[in-house]
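This report refers to the structure that appears directly beneath it.
The values are calculated or read from the model by the stated rules, or taken from the named source; none is laboratory data. Nothing here was measured: the structure is a model prediction, and the numbers come from that model. A quick note on method: Cβ atoms are made from the backbone with ideal geometry, for glycine too, and the neighbour counts reach across all protein chains shown.
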Amino acid sequence: MIHKQFDDGIVKIIDHRRLDQHRKNRRTEFFVKWKKNEEVSWEKDRDLWQFEDQVQDYLTSIPTRMSNSSSRGGLLEL
């Protein structure tokens, strides 16, 4: 499997969402603010392999009760 490779760095991971409730098919996507042009986009967890440290920092920084924050449809600050 070929993974995406990003040429730009992450400014901030803003939010996340979990797709598919079945454990076998569960995926997580992260809403990422990129350094280049300060663009934002939803990216699959497996595509952020280059930024594993930033993803782990984000996950450890969010309160447990916020782990499904996107299911409420809200976005955190940009």
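Odds and ends about this structure:
- Neighbours by Cβ (under 7 Å, 6+ apart or cross-chain): first from region 7-35, surrounded by 15 or more Cβ atoms within 10 Å (Cβ to Cβ) and outside any helix (DSSP H, G or I); second acidic (Asp, Glu) and modelled with pLDDT under 90: Val11/Glu38; Trp34/Asp8
- Filter result (touching an Asp or Glu at 6+ places or on another chain (Cβ under 6 Å) and modelled with pLDDT of 90 or more) within region 36-52: Trp42, Lys44
- Candidates are the residues of region 39-62 that are in contact with a Lys or Arg (Cβ under 8 Å, 6 or more places away or on another chain) and among the hydrophobic types (A, V, I, L, M, F, W, C); the one that is farthest from Lys12 (Cα to Cα) is Trp42.
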